[in-house]
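Asks: After the structure tokens below, expect a handful of questions from me.
The values are calculated or read from the model by the stated rules, or taken from the named source; none is laboratory data. The model shown is predicted, which means the values in this text are computed figures rather than measured ones. All Cβ positions, glycine included, derive from the backbone under ideal geometry; neighbour counts span all protein chains shown.
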Amino acid sequence: MSDSFSDSDVDDLQENDLSRIGVSLPANLLNSFDKILKVRGYSSRSEGIRDAIRSYIRYHKWMEDMTGERQGIITIVYDHHQRGLVSAITDIQHEFMGLIQVSLHSHVSHARCVEVLLVRGDVKDVKEVAERLMAQKGVETVKLTTIPLEG
């Protein structure tokens, strides 16, 4: 399996190229996914999963292809009850304090928080912050959005 991929890897899906896999999901995640499938009119879970995987691959390809200085936002949703997570997130932010311009924190519910970081710097460092946050146990979502400083 190669580490790189092209748009054709994502877009050229043919019936004879299909592989069957098994996936274990928490019931609430599957229920949420099924609701989305129904609203969007998917004919099957498989079709929805293929579409979700394509989107995931495109997002990571976009992250891989970015270069230069960028301004961006990193949005993190996490369970603040996860032991050591708040400390780990704070440590990462302190490590990259030259990159992080603003940090905004909000309590979504008793257990969930959202944090928004305004970042500016070399895309390599911006991606590293996002990837380090993604790797933390208890982090539900990390979303990175950037724009080039010149364009």
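Every residue, every condition in (1) modelled with pLDDT of 90 or more; (2) surrounded by 10 or more Cβ atoms within 10 Å (Cβ to Cβ), yes or no:
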position	(1), (2)
Asp17	no, no
Pro26	yes, no
Lys35	yes, yes
Val39	yes, no
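Asks: Right, another one. Could you list, ordered by first residue, the pairs with Cβ atoms under 6 Å in which the first is in segment 22-48 and over 17 Å from Glu140 (Cβ atoms) and among the small types (Gly, Ala, Ser) and the second is at pLDDT 90 or above and assigned to a helix (DSSP H, G or I), at least 6 apart or interchain?
Replies: Gly48/Leu37
Asks: Yes or no: Ser109 in the same structural domain as Val126 (by TED's automatic domain parsing) and over 20 Å from the mean Cα position of the chain (by Cα)?
Replies: On the way: in the same structural domain as Val126 (by TED's automatic domain parsing): yes; over 20 Å from the mean Cα position of the chain (by Cα): yes.
Yes; evaluated as a whole, the condition is true for this residue.
Asks: OK, next. Please verify whether Ala111 is touching a His at 6+ places or on another chain (Cβ under 9 Å) and among the aliphatic types (A, V, I, L, M), treating the condition exactly as stated. I'd like the intermediate steps shown before the answer.
Replies: Details: touching a His at 6+ places or on another chain (Cβ under 9 Å): yes; among the aliphatic types (A, V, I, L, M): yes.
Yes, satisfied.
Asks: Still on this model: Are any of the residues in segment 44-65 surrounded by 12 or more Cβ atoms within 10 Å (Cβ to Cβ), among the aliphatic types (A, V, I, L, M) and modelled with pLDDT of 95 or more?
Replies: No, there is no match, as no residue in segment 44-65 is surrounded by 12 or more Cβ atoms within 10 Å (Cβ to Cβ), among the aliphatic types (A, V, I, L, M) and modelled with pLDDT of 95 or more.
Asks: Output the residue which, of all residues in segment 123-151 that are assigned to a strand (DSSP E or B) and surrounded by 14 or more Cβ atoms within 10 Å (Cβ to Cβ), is farthest from the chain's Cα centre (by Cα). Step through it out loud before you land on a result.
Replies: Going through segment 123-151, the residues assigned to a strand (DSSP E or B) turn out to be 139-148.
In the following step, the residues that additionally are surrounded by 14 or more Cβ atoms within 10 Å (Cβ to Cβ) were identified as 139, 142, 144, 146.
Details: Val139: 10, Val142: 4, Leu144: 7, Thr146: 13 Å.
Step by step, filter segment 123-151, then rank; the result is Thr146.
Asks: For segment 107-122, what are the residues that are exposed (fewer than 13 other Cβ atoms within 10 Å of the Cβ) and either part of a strand (DSSP E or B) or touching a residue at least 60 places away in the same chain (Cβ under 8 Å) (or both)? Even if it seems obvious, please write down each step before you answer.
Replies: The first filter runs over segment 107-122 and keeps only residues exposed (fewer than 13 other Cβ atoms within 10 Å of the Cβ), leaving 107-111.
Matches in segment 107-122: His107 only.
Asks: Could you say whether any residue in segment 45-57 is closer than 25 Å to Val126 by Cβ and of a type in the set (Phe, Trp, Tyr)?
Replies: If we filter segment 45-57 for residues that are closer than 25 Å to Val126 by Cβ, which is where we start, we get 52-57.
Then drop every residue that is not of a type in the set (Phe, Trp, Tyr), which leaves 56.
Yes, there is a match, as at least one residue in segment 45-57 is closer than 25 Å to Val126 by Cβ and of a type in the set (Phe, Trp, Tyr).
Asks: When residues of segment 65-106 are filtered for being within 19 Å of the chain's Cα centre (by Cα), in contact (Cβ under 8 Å) with a residue 60 or more places away in the chain and part of a strand (DSSP E or B), how many remain?
Replies: Residues that pass the stated criteria total 10.
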